[in-house]
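What follows is calculated from the coordinates using simple rules that are stated; it is not laboratory data. Remember, it's a predicted structure, so these values are computed and weren't measured experimentally. A quick note on method: Cβ atoms are made from the backbone with ideal geometry, for glycine too, and the neighbour counts reach across all protein chains shown.
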Amino acid sequence: MRAVRSLSGRSSAERTQLELFRSIPGNLAPRDAQDLMAWPFFSLAKARRTTPIAFHMGAAWISVEAVPEHGMATIWDADVLIWAASQLIEARDAGRPTSRLMVTTPHEILTFTRRGTGKASYDRLKAALDRLQSTTVATSIRQEHQRRRHRFSWINEWRELADGNGRALGIELILPDWFYAGVLDRALVLTIDPAYFDLTGGLERWLYRIVRKHGGRQRGGWSFDVPHLHLKSGVLSPLRRFAFELRGIVARQPLPGYVLSLDHTLGRDRLTFVPVPLDPFDAAMRRVGLKPVDNRP
């Protein structure tokens, strides 16, 4: 077995020190890391972004930098990390050993994230892995002392595996410590609706993640000041454009499991979201990754 593609200049020392985790086949419940849901770590644009994200809020700060060749990792690329988190949690809960060194097939990732499985989808997956590996993140989040920084890429390295005839056998990747530690902390991971992968807009995908993170299934819902949301999104568009796009999302109501509304209070716009109650049958369908009947009003 040989590597036909490698995006990292690192030595193989890290790989030889890690146990190999082989992906678990089957229909796994999707899980997302709460830190990735709550903070601006990814580009929400489909166009290539190279402008850095520089975010500060209280003691938390994030810096995300991209290289011109690949551009910044996008919220669609983050589906690979959702797949990885789901695999690790499934293994941990089953009492299986986990590792940052993972091997799988493109078909497993593409099927899990509801992508096509043809050549074009495979090429897009490789481009996503390139962006995840080449995007550099520095943050104070989850650091014991806020002045310290943790710097990493979303994937330390990845490579394609092939046999002696060049026939593809799979993909091998190494996750960074920061992500891996957060996933294995039971308090830092949430199950998400599989219908998330059907959302096509970057802003609505980000909005679902932040709604799921902060609102959960609270009956009373939750609300955010729109300028606050704009700041946390990390988008390059001005607040006026951001608010216009939010109004379009509210009109379409695309987020699975939530109803959104915009209110004008004390001279400022606020976005409110309330969870839609699920009957027991629909809730069971969601847990196994099937799409329930949409019962939103």
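Take peptides 33-42, 68-77, 112-121 and line them up by average Cβ neighbours within 10 Å, highest first, as a rough protection proxy.
By packing density, highest mean first, the sequence is 33-42, 68-77, 112-121.
Beyond a 24 Å Cα-Cα separation, which of these cross-linked pairs lie in this structure: Lys126/Lys232; Lys119/Lys213; Lys46/Lys126? All intermediate terms of the calculation are to be shown ahead of the outcome.
Working: Lys126/Lys232 28 Å; Lys119/Lys213 34 Å; Lys46/Lys126 16 Å.
Going by Cα-Cα distance, Lys126/Lys232; Lys119/Lys213 fall outside the 24 Å limit.
Let me check I've understood the local charge: for Thr74, count other residues with C-beta under 12 angstrom from its C-beta, Lys and Arg +1, Asp and Glu -1. What total comes out? Numbers along the way, then the final one.
On the way: positive: Lys46, Arg48, Arg49, Arg124, Arg131, Arg205; negative: Asp77, Asp79, Asp130.
Surrounding charge for Thr74 is +3.
Rounded to the nearest 0.05, what FRET efficiency is calculated for Thr117 and Arg241 with R0 set to 30 Å and r the Cβ-Cβ distance?
That gives a FRET efficiency of 0.25.
Restricting to DSSP H runs of at least four residues, report the calculated mean residue ellipticity at 222 nm for the chain, -39500 (n - 2.57) per run over all residues, nearest 500 deg cm²/dmol.
Rounded to the nearest 500, it is -10000 deg cm²/dmol.
Could you tally the net charge around Gln34, taking each other residue with its Cβ under 12 Å from the Cβ of Gln34, Lys/Arg +1 and Asp/Glu -1?
Residues near Gln34 contribute +3 overall.
Give the dimensionless ratio obtained when the Cα radius of gyration of the range 79-125 is divided by 2.2 N^0.38 Å. List each step's numbers first, then the result.
Details: Rg = 11.8 Å, N = 47, 2.2 N^0.38 = 9.5 Å.
Rg over 2.2 N^0.38 Å, computed on Cα atoms: 1.24.
Enumerate the amide H contacts of Arg31 below 5 Å, restricted to partners 5 or more residues apart or on another chain; note that Pro and chain-start residues carry no placed amide H.
Ser86, Ile192
Would you mind checking which residues have amide H under 5 Å from Val189's amide H? H placed 1.01 Å from N; only 5 or more apart, or other chain.
Hits under the 5 Å cutoff: Gln34.
List, in order, the whole-Hz ³J(HN,Hα) value for each residue of the range 50-58 obtained from phi through the Karplus relation with A = 6.51, B = -1.76, C = 1.60 and θ = phi - 60°; use x for Gly and Pro.
10, 5, x, 9, 10, 10, 9, 8, x
Can you list residues whose amide H is under 5 Å from Trp61's amide H, if they're 5+ apart or on another chain and H is modeled 1.01 Å from N?
Here Ser140, Ile141 satisfy the definition.
Provide the per-residue ³J(HN,Hα) series for the range 149-154, in order, calculated from phi with Karplus coefficients 6.51, -1.76, 1.60 and θ = phi - 60°, each as a whole number of Hz, with x at glycine and proline positions.
10, 10, 10, 7, 10, 5
Of the options Ala91, Leu129, Ala33, report the single residue whose Cα projects farthest towards the positive end of the charge dipole of the range 2-190 (beta-carbon charges: Lys, Arg +1; Asp, Glu -1).
My answer, from the dipole projection, is Leu129.
Using only the Cα atoms, work out Rg/Rh for the chain, with Rh taken as the Kirkwood radius, to two decimals.
On the Cα set of the chain, Rg over Rh gives 0.96.
In whole Å, what are the Cα extents of the range 146-258 along the three principal axes, biggest one first?
On the principal axes, the range 146-258 reaches 55, 38, 32 Å in Cα extent.
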